Amino acid sequence: MSRIFSGIQSTGNLHLGNYLGAVRNWVQLQDDYECIFCVVDMHAITVWQDPAALKASTREVAAAMIASGVDAKKHIIFNQSQVSGHAELAWIFNCVARLGWLNRMTQFKDKAGKNKENASVGLYAYPNLMAADILLYKATHVPVGEDQKQHLELARDIAAKFNHDYGVEDFFPQPEPMIFGAATRVMSLKDGTKKMSKSDPSELSRITMTDDADTIAKKIRKAKTDTEPLPETKDGMEGRPEVSNLLGIYAALSDVSLEDTIAKFAGKGFGDFKKDLADVAVEKLGPIQDEMRRLMDDQAYVDSVLRDGAERARAISEPILAEIKDTVGFLRP
Ligand code: AMP
Ligand code: TRP
């Protein structure tokens, strides 16, 4: 069976983009693949995280995965730092990947901003750790949002270079990105040209998985739009990024095609549309949020899921890591 690996950082503010771009797709894939889902706390600390908040976010992300319907018994949910193989393989990949490859990564440029000299070395090497996450399990498929495409291409390059340099053809597979659904790139509610992100300083830019119904409705009401009525056709979305984003979110949440969504609201004003959008968001997210809250109150259970998941992740990865170390020439007498 093909193996899936995917991850979410425990950086707080888990949002609608994470749900529609990633977690919801994972739930749909779990009947057909063996899945490993990881809360990547080691990726999170590439930018400063308050230690207590990091622990809380790790539990929150795990709770969101479970509440969304990931089956933690059949599949694996764990946090990255519990399986030391991730860090070990990342070091080997630091020695495989080339500076020139990492210099092309747009996410580093975005996250490091103007003051590149002051970014952590971890933020720069982050894609190597991501490649290690996937290849430590020889995962073949990686369901993610659109923004991770470039990192996955790098993981494929690292896999190919390792296989080539060590003369072990086909040792690492070429992991396939799986980017699908009506909302592979959910944009900020305040600026349709920027992706919805955990780190946007404006709370109004994102709907988080912990927002209550009133907050969701308020954020949608305040979402940026324009003064024209809703478009009649797909072409009518041209040059209207905020409108395209809201229509895409509606389509994804209500499980209807973008075409049908456009037809439903064609020519209408934003007042009615926003009300419907808020209703569908609350209807779809509400039950998941209730379950998340319940799980957050049961810390012992969430921790036991992570512990058990880490144990099973170790069992899969240890023989692979042993083979990698032998291939590289590390002596293990
Ligand atoms: P992160 O929060 O950066 O750890 O992202 C976790 C997952 O959510 C990855 O698969 C991302 O591609 C996905 N994701 C993050 N932001 C968005 C967004 N605005 N739209 C769609 N998917 C997203
Ligand atoms: N870099 C991803 C993000 O920020 C998270 C991630 C880490 C990941 N390791 C991964 C995603 C492995 C898929 C596979 O969204």
*Would you list the helices (runs of 4 or more DSSP H) that sit entirely within the stretch 221-304 and hold 2 or more residues that are more than 21 Å from Ser68 (Cα to Cα) and open to solvent by 50 Å² or more (accessible area, probe 1.4 Å)?*
258-265, 270-296
_Just to be sure before I move on: is Asp71 outside any helix (DSSP H, G or I) and acidic (Asp, Glu) in the structure I sent?_
yes
*List every residue pair whose Cβ atoms sit under 7 Å apart, with the two residues 6 or more apart in sequence or on different chains, where the first one lies in the stretch 170-182 and is open to solvent by less than 60 Å² (accessible area, probe 1.4 Å) and the second, anywhere, is part of a strand (DSSP E or B).*
Pro175/His141; Pro175/Val142; Pro177/Val142; Met178/His141; Met178/Val142; Met178/Pro143
*asked:* I need the full set of residues from the stretch 146-160 which are within 16 Å of ligand 1 (Cβ to nearest atom) and open to solvent by less than 10 Å² (accessible area, probe 1.4 Å), in order please.
replied: His151, Leu152, Leu154, Ala155
*Just checking, which of Ile45, Ile8 is more than 23 Å from Asp298 (Cα to Cα) and either within 13 Å of ligand 2 (Cβ to nearest atom) or among the β-branched types (Val, Ile, Thr) (or both)?*
Ile45
*Those residues that are more than 22 Å from Arg293 (Cβ to Cβ), touching a residue at least 40 places away in the same chain (Cβ under 8 Å) and open to solvent by 20 Å² or more (accessible area, probe 1.4 Å), I need them from the stretch 47-87; list them, please.*
Val47, Lys74, Ser81, Gln82, Ala87
*For Ser6: the one exception among (1) away from ligand 1 (no atom under 11 Å from the Cβ); (2) open to solvent by less than 10 Å² (accessible area, probe 1.4 Å); (3) out of contact with any Ser or Thr (no Cβ under 9 Å at 6 or more places or on another chain); (4) under 24 Å from Ile320 (Cβ atoms)*: (1)
*Scan the stretch 27-44 for residues that are surrounded by 21 or more Cβ atoms within 10 Å (Cβ to Cβ), assigned to a helix (DSSP H, G or I) and more than 9 Å from ligand 1 (Cβ to nearest atom) and jot them down.*
Asp41, Met42
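Residues that are assigned to a loop (DSSP other than H, G, I, E, B) and within 16 Å of ligand 1 (Cβ to nearest atom): does the stretch 82-100 have at least one?
No: zero hits.
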*Identify the single condition in (1) farther than 20 Å from Ser304 by Cβ; (2) away from ligand 2 (no atom under 13 Å from the Cβ); (3) in a helix (DSSP H, G or I); (4) open to solvent by less than 30 Å² (accessible area, probe 1.4 Å) that Arg24 does not satisfy, given that it satisfies every other one.*
(4)
*Consider Val186 against the criteria (1) touching a strand residue (DSSP E or B) at 6+ places or on another chain (Cβ under 6 Å); (2) open to solvent by less than 20 Å² (accessible area, probe 1.4 Å): it satisfies all of them except one. Which criterion is unmet?*
(1)
*Any residue in the stretch 207-219 that is in contact with a Pro (Cβ under 6 Å, 6 or more places away or on another chain) and either within 16 Å of ligand 2 (Cβ to nearest atom) or within 30 Å of Asp326 (Cα to Cα) (or both)?*
no
*asked:* Quick test of your reading of the structure: Ala112 fulfils all but one of (1) more than 16 Å from ligand 1 (Cβ to nearest atom); (2) at pLDDT below 95; (3) among the hydrophobic types (A, V, I, L, M, F, W, C). Name the failing condition by number.
replied: (1)
_Failed item in (1) over 24 Å from Thr11 (Cα atoms); (2) within 15 Å of ligand 1 (Cβ to nearest atom), with Asp200 passing the rest_ = (1)
*Could you please tell me which pairs satisfy a Cβ distance under 7 Å, a separation of 6+ or placement on different chains, a first residue in the stretch 119-146 that is in a helix (DSSP H, G or I), and a second residue that is among the charged types (D, E, K, R) and within 12 Å of ligand 1 (Cβ to nearest atom)?*
Leu123/Lys111; Glu146/Arg185
_One residue is enough: does the stretch 234-247 have a residue meeting the conditions touching a residue at least 40 places away in the same chain (Cβ under 8 Å) and β-branched (Val, Ile, Thr)?_
yes
*Go through the stretch 179-197 and count every residue that is among the aliphatic types (A, V, I, L, M) and either part of a strand (DSSP E or B) or more than 12 Å from ligand 1 (Cβ to nearest atom) (or both).*
1
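The values are calculated or read from the model by the stated rules, or taken from the named source; none is laboratory data. Since this is a predicted model, take the numbers as computed values, not measurements. Please note: Cβ atoms are built from the backbone with ideal geometry, for glycine as well, and neighbour counts cover all protein chains shown. These area figures cover heavy atoms from the full protein model, side chains too; ligands, DNA and RNA do not enter into them. Shrake-Rupley method; radii C 1.70, N 1.55, O 1.52, S 1.80 Å.
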